[in-house]
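These notes concern the structure reproduced below.
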Amino acid sequence: MTYKEMYELAVRNLLPKEHGSGFSSGFVSAVLEGANGKYYCGVNIDLYCGLGFCAERSAAAAMITDGETVIRRVVCVGQNGALMTPCGSCREFISLLSPENRNTEFLCSLEGEKTIKLSELLPFPWDATE
């Protein structure tokens, strides 16, 4: 799947919805490509009490359920279709799933398919000894 196809899938999965008092979802969508060549989708889930999780972690949960922990590429979009990079929590989460995920690429721009690696977004892991 190309980055453009991943982007289009992420946009299709955007289903912004207020579910009632204290719960919304689908305002952010992510598509992950696992090292196994499979694609995993997820959307954000926000609970007004502060709980919930991001689209990247939602997609990663599906990936982990399938037995994969290594992520090759990520495309994440907000409700307006704009590309997003992961929040700090997602950066750390993805980095801890596998040391190989330091090479995970996040799409920053469709024009020229500009990407940034997780190692650039999170240059010093919390457990770095040097």
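The values are calculated or read from the model by the stated rules, or taken from the named source; none is laboratory data. Here the structure is a predicted model, which means the values were calculated and not measured. Glycine gets a Cβ as well: all are built from the backbone with ideal geometry, and neighbour counts include every protein chain shown. Quick note on the areas: whole protein, heavy atoms, side chains included, nothing else; ligands and nucleic acids left out. Shrake-Rupley method; radii C 1.70, N 1.55, O 1.52, S 1.80 Å.
Gly81 - would you say it is free of Cβ contacts under 8 Å to residues at least 24 places away in the same chain and on the phi > 0 side of the Ramachandran plot?
Taking the combined requirement at face value, the residue does not satisfy it.
Here is a list: Asn80, Asn101, Asn44. Which entry is of a type in the set (S, T, N, Q), under 21 Å from Lys17 (Cα atoms) and open to solvent by less than 40 Å² (accessible area, probe 1.4 Å)?
Answer to the selection: Asn44.
Looking at region 83-130, which of the residues that are hydroxyl-bearing (Ser, Thr, Tyr) and in a loop (DSSP other than H, G, I, E, B) is farthest from Tyr3 (Cα to Cα)?
Only one residue tops the list, namely Thr129.
For region 58-72, name all the residues that are in a helix (DSSP H, G or I) and surrounded by 21 or more Cβ atoms within 10 Å (Cβ to Cβ).
Ser58, Ala59, Ala60, Met63
Could you list, ordered by first residue, the pairs with Cβ atoms under 8 Å in which the first is in region 89-110 and under 17 Å from Asn36 (Cα atoms) and in contact (Cβ under 8 Å) with a residue 24 or more places away in the chain and the second is open to solvent by 50 Å² or more (accessible area, probe 1.4 Å) and part of a helix (DSSP H, G or I), at least 6 apart or interchain?
So the pair list comes out as Leu97/Ile64.
Might you check whether a residue that is under 15 Å from the mean Cα position of the chain (by Cα), part of a helix (DSSP H, G or I) and free of Cβ contacts under 8 Å to residues at least 60 places away in the same chain occurs anywhere in region 21-43?
The answer is no; no qualifying residue exists.
Can you name the condition, by its number, that Val75 falls short on among (1) within 18 Å of Leu118 (Cα to Cα); (2) open to solvent by 50 Å² or more (accessible area, probe 1.4 Å); (3) assigned to a strand (DSSP E or B); (4) not acidic (Asp, Glu)?
Val75 satisfies all of (1) within 18 Å of Leu118 (Cα to Cα); (2) open to solvent by 50 Å² or more (accessible area, probe 1.4 Å); (3) assigned to a strand (DSSP E or B); (4) not acidic (Asp, Glu) except (2).
Does region 34-57 hold any residues that are within 20 Å of Met1 (Cα to Cα) and among the polar types (S, T, N, Q), and which are they?
Residue satisfying the conditions is Asn36 alone.
Which count do you get for residues in region 1-20 that are within 12 Å of the chain's Cα centre (by Cα) and open to solvent by 70 Å² or more (accessible area, probe 1.4 Å)?
Here the count works out to 0.
Among the numbered criteria (1) more than 14 Å from Ala30 (Cβ to Cβ); (2) assigned to a helix (DSSP H, G or I), which one does Asp46 miss?
So the condition that Asp46 fails would be (2).
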